[in-house]
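The values are calculated or read from the model by the stated rules, or taken from the named source; none is laboratory data. Quantities reported herein were computed from a predicted structural model and do not represent experimental measurements. For neighbour counting, all protein chains shown are included, and Cβ atoms are generated from backbone atoms with ideal geometry for every residue, glycine included.
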Amino acid sequence: MPDRDQEFVEVSIEEFATGKPVPYAIYIRLTSWKYLQIASPGDGLDRERVDVYRDRNVKCLYLLKEDFARYVGFAVGPSAIAPPAGTVPPPTAAVPAPQPPPRPAAPLKPAIAHQVNLLKNAASGTLSLLKSNGINEFLFEASKDFVQSTISVLADDQNALQLLSAINTQQAQNPLYEHSVGVTLYSIMLARVLGWRSAPNFFKLGMGAMLHDIGFNSMDDKLMAKREFDLTPAERKQREQHAEWGAQILKQLTSVPPEVLAIALQHHEHVSGKGYPKGLKSAQINPMSKIVAVADRFCELVLDGPDSPRLSPESALQQLFDADAYDADVLSALKRLLKNLP
């Protein structure tokens, strides 16, 4: 029997708990080659049926990949090629061409399938490690599924796959992919604590978090390999350019929503106006960027990395509160998340 897993995207069952109609067919996974349709387009699932599946320990339901892409508003299609590593991306003012609707998934070429599997396996390993950080298990499970779904849908876009693969290289010297997965998970969990419910917004937030540091891929390898405390003032200034370079790279992908560009550009802005690259104050910073800023700094402090102090989650939280740089509501959400509150 042919493996059908590549055709589907898993979605946390909590996404369907509202009972609202979903304009796409909903499936349950029986085996890697057998998926059973349990709801027709437009029907959705009522709360009683969701509770039945919960009682049977079903944590995920499935949408066809192209339906999930439509559901979250992501148009998969041809796009401009990002500049190679080590070059400064040129600014672009090109207007994206209209994209055709997503087509049913075709079998992946072996090399591409290998890339996708590497990305998914690396993400799964990172997510498993993060589960031990004392966070709310319910929020973790629901958000973890969305991280994997985001990666799965992005991998269907040739150039988004190229970018994801680029940040998954040279893990030993620069664990950028592990960091990006961690930032994505925490960003989505924070949004849930803040009361966000929109799947399209979760996807935009997740995509922005996954690609927030893509500007680093345009920097010289020697500069990237240097520890933070070894950088000269000029080198530190150059490193800070990754935010603007990342936004310029992402502008060349026709499928990228404006919120994702804002995250790449603004995730080092501080509500005090003392961040970079523009020195924006709180009211000028995109709400998604404020969430990713907190998740980014928190992961820098607690996850493995060349400059990480490997703080405990509680110590990292206190450092963020003391910094006078981050949105108070997002910090309160992080505190609730780490205290394991519902």
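For LEU301, the stated conditions do not hold, so it cannot be described as within 23 Å of LYS237 (Cβ to Cβ), touching a Gly at 6+ places or on another chain (Cβ under 9 Å) and not hydroxyl-bearing (Ser, Thr, Tyr). Within segment 297-308, can you find the residues that are in contact (Cβ under 8 Å) with a residue 60 or more places away in the chain and of a type in the set (A, V, I, L, M, F, W, C)? Matches in segment 297-308: PHE298, CYS299, VAL302, LEU303.
Tallying residues that are of a type in the set (Lys, Arg), assigned to a helix (DSSP H, G or I) and either touching a residue at least 12 places away in the same chain (Cβ under 8 Å) or not assigned by TED's automatic domain parsing to the domain that holds LEU250 (or both) within segment 217-239 yields 1. When restricted to residues that are assigned to a helix (DSSP H, G or I) and either at pLDDT below 90 or under 18 Å from LEU250 (Cβ atoms) (or both), segment 183-216 contains 17. Here ALA293 clears all of (1) closer than 25 Å to ASP157 by Cα; (2) in a helix (DSSP H, G or I); (3) of a type in the set (A, V, I, L, M, F, W, C) except the condition numbered (1). Of all residues in segment 295-307, which are modelled with pLDDT of 80 or more and either in contact with a Ser or Thr (Cβ under 6 Å, 6 or more places away or on another chain) or over 15 Å from TYR186 (Cβ atoms) (or both)? If the condition is that a residue be modelled with pLDDT of 80 or more and either in contact with a Ser or Thr (Cβ under 6 Å, 6 or more places away or on another chain) or over 15 Å from TYR186 (Cβ atoms) (or both), then ALA295 is the only one that fits.
Specify the residue that is surrounded by the most Cβ atoms within 10 Å (Cβ to Cβ); the eligible residues are those in segment 139-182 that are modelled with pLDDT of 80 or more and β-branched (Val, Ile, Thr). Checked segment 139-182; the qualifying residue surrounded by the most Cβ atoms within 10 Å (Cβ to Cβ) is VAL181. Scanning segment 263-291 for residues that are more than 23 Å from ARG192 (Cβ to Cβ), in contact (Cβ under 8 Å) with a residue 40 or more places away in the chain and buried (at least 16 other Cβ atoms within 10 Å of the Cβ) yields HIS270, GLY275.
I need every pair where a residue in segment 312-336 that is on the phi > 0 side of the Ramachandran plot has its Cβ under 6 Å from the Cβ of a residue that is at pLDDT 95 or above and polar (S, T, N, Q), sequence separation at least 6 or different chains. Cβ pairs passing all conditions: ASP324/SER272.
A quick yes/no check of all residues on (1) among the hydroxyl-bearing types (Ser, Thr, Tyr); (2) at pLDDT below 95; (3) closer than 19 Å to ASN217 by Cβ:
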{"residue": "GLU244", "(1), (2), (3)": "no, no, yes"}
{"residue": "GLN252", "(1), (2), (3)": "no, yes, yes"}
{"residue": "LEU265", "(1), (2), (3)": "no, no, yes"}
{"residue": "HIS270", "(1), (2), (3)": "no, no, no"}
{"residue": "LEU317", "(1), (2), (3)": "no, yes, no"}
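The listed residues are VAL294, VAL260, VAL256, and the only one of them that is over 17 Å from ILE214 (Cβ atoms) and in contact (Cβ under 8 Å) with a residue 24 or more places away in the chain turns out to be VAL294.
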